[in-house]
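J.: Pasting a structure below so you can have a look.
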Amino acid sequence: MDVLDLTRLQFAVVTIYHYFFVPLSISLAATAAGLHLTWLRTSNDKYRDLTKFVGKLLIVTFAVGVVTGLVQEFQFGMGWSSFARFYGDVFGPTLAIEGMLAFFLEATFLALWYFGWDRLPRTVHAATIVIVAVGTVLSAFIILAANSFMQHPVAYSLDPVTGRAHLDSFRELLLNKVNLAAFPHTLAGAVMVGGSLLLAIGVWRFKATAEAGFRTLARLGAWLTVAGGAFTAITGDHLGKVMTEVQPMKMAAAEALYETTTGAPFSAFALGKLDGSEPFFTVDIPYLLSILATGDPHSTVQGINNLQEQYVAQYGPGSYIPMIPVAFWSFRLMIGIGMVAMLVAAYYLWVTRKGREPGRWYDRQLIRFLPLIPLLPTAANSIGWVFTETARQPWIAFGISKVADGISPGLTRAEVIASLIGFALIYGIVAVVWYRLIRHLSRQPLAPAAEAAPERADAPVY
């Protein structure tokens, strides 16, 4: 591997690791806010206990996410200074605002929420966790705008003297059609990840303690996983159509479609050469690729060879074809793994409906392995980002500059390898610490109402 490949690997490791905690923070914050408001409305102490429990999981996850996010931003200067220098005026506002939201708004109000029990008025206290939830969503929207610029550059102009990109309209940057499509899809995936974690913890602890609150937590997590999965499919369909419009090569690579085809089928499974150019066995669904790409089963989908010729004429000599096997299989794994997670959660809801306990041996086996279910949505999320970024290659910002143009000048293999090993070791330690903390918190019983800190008698209720 040369310096460019190693730097890309380092960025992938840091980014994927950071993204393990982003969807969890988003979904746990929203869930804690929903439970808190439910308790405020119903005065049912079960929801207060669940709110505190989910909030503790959120605090640990949020802390790790913020730290790893810092490294993620430093990556632009360490390994991709040429990219940062060229697009700094475009990326700077999004990174700055996202950082302020994470450090000032979210962290401040999360601390107020955690230390505000029986100290703040009840409605004011509930508002703090709602602000945290809103802040995480805003952070996601703003940082996705930066990534969407890489997928579909908008709202910029090139300085004729320096050649640097300048931001023309922050509003247009935020309202990039890719961002508007990717944002709900990302939130849906986050709901799946957070829901699966709550499902896993609830099932594990209910089996060990038979505490009714954990059963409620498990079913809540299952419902979130199912709803998130359904919404992911709906928003993913729209995102696929936008992707076809702005990056037709990405959709062609997702199907390994080499020739432009009308009424294109979708291969649910294929075997063939590693480059995807000559499949010798496929399981095709007629017209599905055309439906995914445009919504019309009889529409024409551009092929890789035709697009390569078009890009050579438009951008100059070179290969504009991404790694086809990675695009092909990551697209299917993303969809398939997500569907499995949703179906497992739905089956759990069916098995445990109306307070029933799993009786059949295969139902009991399902319960036994349900604590592992968070691995499925997490993998689907990560693989989805692998597809999104690798199928854009060779562009770092589509149609403007290539990945090779963004690397920091003067980097050596030794420097990149040393930093990659350092990141891997530190992140490995952080992962163990996070897992042990989450496991420790999950082992704690939900606080009985009698032991909970009483509300101040003089605390006003608005």
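The values are calculated or read from the model by the stated rules, or taken from the named source; none is laboratory data. Quick caveat: nothing in here was measured; it's all calculated off a predicted structure. Every residue, glycine as well, gets a Cβ built from its backbone with ideal geometry; the counts of neighbours run over all protein chains shown. Accessible surface areas use protein heavy atoms only, side chains included; no ligands, DNA or RNA. Shrake-Rupley method; radii C 1.70, N 1.55, O 1.52, S 1.80 Å.
J.: Against the definition (over 20 Å from the mean Cα position of the chain (by Cα), of a type outside the set (A, V, I, L, M) and surrounded by fewer than 19 Cβ atoms within 10 Å (Cβ to Cβ)), how does GLY336 come out, yes or no?
T.: Judged against the criteria, GLY336 is not a match.
J.: Condition first: of a type in the set (Val, Ile, Thr), surrounded by fewer than 16 Cβ atoms within 10 Å (Cβ to Cβ) and under 24 Å from THR136 (Cα atoms). Can you find one or more residues in the stretch 86-108 that meet it?
T.: Yes; the residues of the stretch 86-108 include at least one that is of a type in the set (Val, Ile, Thr), surrounded by fewer than 16 Cβ atoms within 10 Å (Cβ to Cβ) and under 24 Å from THR136 (Cα atoms).
J.: Still on this model: Tell me, which residue of the stretch 284-325 that is in a helix (DSSP H, G or I) and of a type in the set (Gly, Ala, Ser) is nearest to the chain's Cα centre (by Cα)?
T.: Across the stretch 284-325, the extreme among qualifying residues is ALA293.
J.: For the stretch 144-172, which residues satisfy the criterion of being within 18 Å of LEU101 (Cα to Cα) and either modelled with pLDDT under 90 or open to solvent by less than 60 Å² (accessible area, probe 1.4 Å) (or both)?
T.: Passing the criteria: LEU144, ALA145, ALA146, ASN147.
J.: Just name the residue that is farthest from ARG392 (Cα to Cα) out of those in the stretch 293-316 that are among the aliphatic types (A, V, I, L, M) and open to solvent by 40 Å² or more (accessible area, probe 1.4 Å).
T.: Result: ALA313.
J.: Does ILE383 satisfy the criteria of being open to solvent by less than 30 Å² (accessible area, probe 1.4 Å), at negative phi and touching a residue at least 40 places away in the same chain (Cβ under 8 Å)?
T.: Details: open to solvent by less than 30 Å² (accessible area, probe 1.4 Å): no; at negative phi: yes; touching a residue at least 40 places away in the same chain (Cβ under 8 Å): yes.
So ILE383 fails the test.
J.: I've got another one for you. Does the stretch 93-106 include one or more residues that are polar (S, T, N, Q) and under 19 Å from the mean Cα position of the chain (by Cα)?
T.: So far as the stretch 93-106 goes, yes, one or more of its residues are polar (S, T, N, Q) and under 19 Å from the mean Cα position of the chain (by Cα).
J.: Of everything in the stretch 113-129, what is among the β-branched types (Val, Ile, Thr) and surrounded by fewer than 19 Cβ atoms within 10 Å (Cβ to Cβ)? Give them in sequence order.
T.: THR123, VAL124, listed by residue number.
J.: Identify, from the list THR42, THR15, THR51, the residue that is open to solvent by less than 30 Å² (accessible area, probe 1.4 Å) and of a type outside the set (Asp, Glu).
T.: THR51
J.: Read through the list (1) farther than 30 Å from LEU58 by Cα; (2) modelled with pLDDT of 95 or more, then give the number of the only condition that VAL193 fails.
T.: (1)
J.: If you don't mind, there's one more thing I want to ask. How do the helices (runs of 4 or more DSSP H) wholly within the stretch 42-123 filter down when requiring 3 or more residues that are at pLDDT below 90 and under 30 Å from ALA414 (Cβ atoms): which remain?
T.: By residue number, 45-78, 81-100.
Yes/no per residue for (1) in contact (Cβ under 8 Å) with a residue 24 or more places away in the chain; (2) within 19 Å of TRP223 (Cβ to Cβ); (3) in contact with a His (Cβ under 6 Å, 6 or more places away or on another chain):
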position	(1), (2), (3)
TYR320	yes, no, no
MET323	yes, no, no
PHE331	yes, no, no
GLY336	no, no, no
MET339	yes, yes, no
TYR348	yes, yes, no
VAL351	no, yes, no
GLY355	no, yes, no
PRO358	no, yes, no
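J.: Please go through the stretch 213-232 and pick out each residue that is surrounded by fewer than 22 Cβ atoms within 10 Å (Cβ to Cβ), in contact (Cβ under 8 Å) with a residue 60 or more places away in the chain and not basic (Lys, Arg).
T.: GLY213, THR216, LEU220, TRP223, ALA230 - these are the residues of the stretch 213-232 that are surrounded by fewer than 22 Cβ atoms within 10 Å (Cβ to Cβ), in contact (Cβ under 8 Å) with a residue 60 or more places away in the chain and not basic (Lys, Arg).
J.: State which residue is nearest to THR235 (Cα to Cα) when the search covers only the stretch 163-184 and only residues that are basic (Lys, Arg) and in contact (Cβ under 8 Å) with a residue 24 or more places away in the chain.
T.: Selected residue: LYS177.
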